[in-house]
Structure formats: structure tokens, C-alpha cells
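Worksheet: one structure, shown below.
The values are calculated or read from the model by the stated rules, or taken from the named source; none is laboratory data. Everything quoted here is computed from the prediction, not taken from an experiment. Please note: Cβ atoms are built from the backbone with ideal geometry, for glycine as well, and neighbour counts cover all protein chains shown. Protein only, heavy atoms only, side chains kept; ligands, DNA and RNA dropped before computing areas. Shrake-Rupley method; radii C 1.70, N 1.55, O 1.52, S 1.80 Å.
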Amino acid sequence: MELRHLQHFIAVAEELNFTRAANRVHIVQSALSASIRALETELQTPLLVRSTRHVQLTPAGRAFLIRAREALQVIESGRESVADIAGLRRGELRVGSVHTLPAFMNLSSLIAQYHTANPGIDVRLRQGDTDGLIEALRGGRLDLAFLPLVDPPEDIVARVVACEDLVLVTPKHHPLANRPGTAWDALEGLPFVDFEIGWGTRPLIDGAFAQMGLSRQTEFAVTDLETIIELVSKGLGVALLPETIAAARRSEIAVTELADPEICWELVVAYVRGDGIRPVNNAAEAFLELLTFFKELEEAAASPARGRMAEAT
């Protein structure tokens, strides 16, 4: 049974005249008659009583007319829903994020701007570790996720949002405090405060130490940035954090740049790869466009400042 069969039957049932019904649905009368016969054959019962002068509904035809109208209403409602979602008039956007984001990545502000531009889209935010967010993307529970991802899986598209160097943070009176160009091997044997395995910058740091053949001891493993900074400030260990995050807390901790190799914490926005490289959800695509817009504004604003610094040197 095709949608056109329902539309043709309703036209005949309401007009009770094949000529008028054919004009209404813009087909020739013979094609309309064939469509009604095909519908009756599929239902295995006559829906209309035809004569040379009159057309009437059979009892089965009257009952089917009610259901046919209901079916078209459901289909039309579905079309409107699809149009609303495609046009961003309503829908849902589910965004994931790791617990620690760079200071310049103001996700709450970005979401607020998005909501202002698209008030009909319900935005939901979920935090978690990198592995959990990837699985949520794959399971369809998230549309986008902000996370550090060094080597994205083949089924995940990852767009770089920012890349920021990690720095050493220590108690203010630590022997390595504020010592420029601290060597990585000087960190061996120091007690570390870090995120739980899989959280925040932990995978990147573990990988860096392994790649350089160095070992380290993690005395405290936590799930939030504030606890890391508090434990370091009280002399219970050292940590590696993104530079902007560390710099904002200089009143509590000492910040030291590391010698080569510099380790960049690469923050990406990720989503499941579909047929192409765009998200399936139009609401997610609009969010990425807004993110790109603000990123370009920030880069443009930073360029004159960089130019003035170059001239000064």
C-alpha cells in the first residue's frame, strides 16, 4: 500500500465523483480508477460502489476512510516534525565534555550563545572520562564531545579546538619551582597528583612518560581539577597541567615550563563518522559552525597582538 493510494481513495470518498477527484489529485481519471482497484485488491474487499451516475462508500469503505485520514495526519505530523528539526525550530543536542577544559574554552558561554540563536533546541550536557564519552558517542547517547584525543578511532571524526602545552605545577617552595626548562628525567621519583586513569590529561601524560622510557609514581588519583591544585599547594605532590589553567592559579602554586619535548594537550570536538564527515544531527552541525565562528574571532583578535609583539622585538 502506497501513500498515493490513500490520497486517491480519500479524494474519491470525499468528492464521490471520479472526475472531480482526478482533478483534485492532478491525475487522469483512468489512473485514479486503477489506483483505487489496486487498493481494493490489496485489502481484498470493495471500498466503493460504482455506477454510471453515482459513487458510494461501502461499509468497509467508510471504516477505511477514517483510518486513511488518521494515517495521513500521522504522516503529515511526521513531515512537520522532520521539517522543524531540519530547520532547527526544535530538537535536542547532547554534548559531552571531560571534566577539565582549558581556561579559554568557555563551554557554558558557547552553549548559552547557541541557545540564544536556537531557542527551540534542548541542549543537554554530560561530563565523563574520554573512554566513556567515546562509547556514549558510539551508542548514540551523545551528539558531540569535547575531549583530549591523541589518536582518534576510525569511526570517530575529531576536529582540533586547541592545542596547549603542559607545564609542571609544584608547591611554591619545591626545589623545581620556577626553574625554567626543567628536564623530564628530573620528574622521576617525584610523587604525582593526577586524574584517575582515563580522565582529563592522564592518558596524554602516561603516554608521554612511557614514550620517553621514564617511570613516575602517582600518589593521589582524583577526578577534579580543584582537588589536584589543592593537594599540590599543600605539598603532597606535583602535577602536569595545561598552561592556561596553571597560570590562572599562580597565587597557590608554582608553574614551571618543561624542556623539550613539549607535550601538547590537544582538545578536540568529536562525533561519530557517518556517510561523510558531517554530523548526522543538524543541531550538532549548527553547534560546530558556531564553535568555528568564535574560534576564528579569537584568532583574528590575537593576530594584531602577535604582530605588535613581533615589532617590539
Open item on the list: Quick check on the stretch 210-226. Is at least one of its residues in a helix (DSSP H, G or I) and either open to solvent by less than 10 Å² (accessible area, probe 1.4 Å) or within 28 Å of L290 (Cβ to Cβ) (or both)?
Closed with: yes
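How many residues, within the stretch 1-46, are among the basic types (K, R), surrounded by fewer than 16 Cβ atoms within 10 Å (Cβ to Cβ) and touching a residue at least 12 places away in the same chain (Cβ under 8 Å)? Steps first, answer last, please.
Taking the stretch 1-46 and keeping what is among the basic types (K, R), we get 4, 20, 24, 37.
Now narrow it down to the ones that are surrounded by fewer than 16 Cβ atoms within 10 Å (Cβ to Cβ): 4, 20, 37.
Applying the additional criterion that residues be touching a residue at least 12 places away in the same chain (Cβ under 8 Å) yields 4.
Count: 1.
Of all residues in the stretch 197-209 being touching a residue at least 60 places away in the same chain (Cβ under 8 Å) and of a type in the set (A, V, I, L, M, F, W, C), which is surrounded by the most Cβ atoms within 10 Å (Cβ to Cβ)? First the steps, then the outcome.
Step one: filter the stretch 197-209 for residues touching a residue at least 60 places away in the same chain (Cβ under 8 Å), giving 198-201, 203-204.
Next, only the ones that are of a type in the set (A, V, I, L, M, F, W, C) stay: 199, 204.
Numbers: W199: 22, L204: 19.
Here the answer is W199.
Considering only the stretch 287-300, I want to know if a residue exists there that is over 23 Å from F209 (Cα atoms), more than 25 Å from the chain's Cα centre (by Cα) and modelled with pLDDT under 85.
Going residue by residue through the stretch 287-300, those that are over 23 Å from F209 (Cα atoms) are 287-300.
Right, trim to more than 25 Å from the chain's Cα centre (by Cα) and you get 300.
Now drop any that are not modelled with pLDDT under 85, which leaves 300.
Yes, the stretch 287-300 contains at least one residue that is over 23 Å from F209 (Cα atoms), more than 25 Å from the chain's Cα centre (by Cα) and modelled with pLDDT under 85.
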Open item on the list: For the stretch 148-196: of the residues being surrounded by 15 or more Cβ atoms within 10 Å (Cβ to Cβ) and among the β-branched types (V, I, T), which is modelled with the lowest pLDDT?
Closed with: V161
Open item on the list: Could you tell me how many of the residues in the stretch 201-214 are of a type outside the set (V, I, T) and under 15 Å from D151 (Cα atoms)?
Closed with: 7
Task: Matching residues in the stretch 106-122 - criterion: being touching a strand residue (DSSP E or B) at 6+ places or on another chain (Cβ under 7 Å) and either open to solvent by 40 Å² or more (accessible area, probe 1.4 Å) or modelled with pLDDT under 75 (or both) - done: H115, D122
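Quick check: anything in the stretch 36-44 outside any helix (DSSP H, G or I) and either closer than 28 Å to R138 by Cα or at pLDDT 90 or above (or both)?
The answer is yes, given that some residue of the stretch 36-44 is outside any helix (DSSP H, G or I) and either closer than 28 Å to R138 by Cα or at pLDDT 90 or above (or both).
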TODO: Just give me the residues in the stretch 47-68 being within 15 Å of M1 (Cα to Cα), open to solvent by less than 100 Å² (accessible area, probe 1.4 Å) and either outside any loop (DSSP other than H, G, I, E, B) or not hydrophobic (A, V, I, L, M, F, W, C) (or both), in sequence order.
DONE: F64, L65, A68
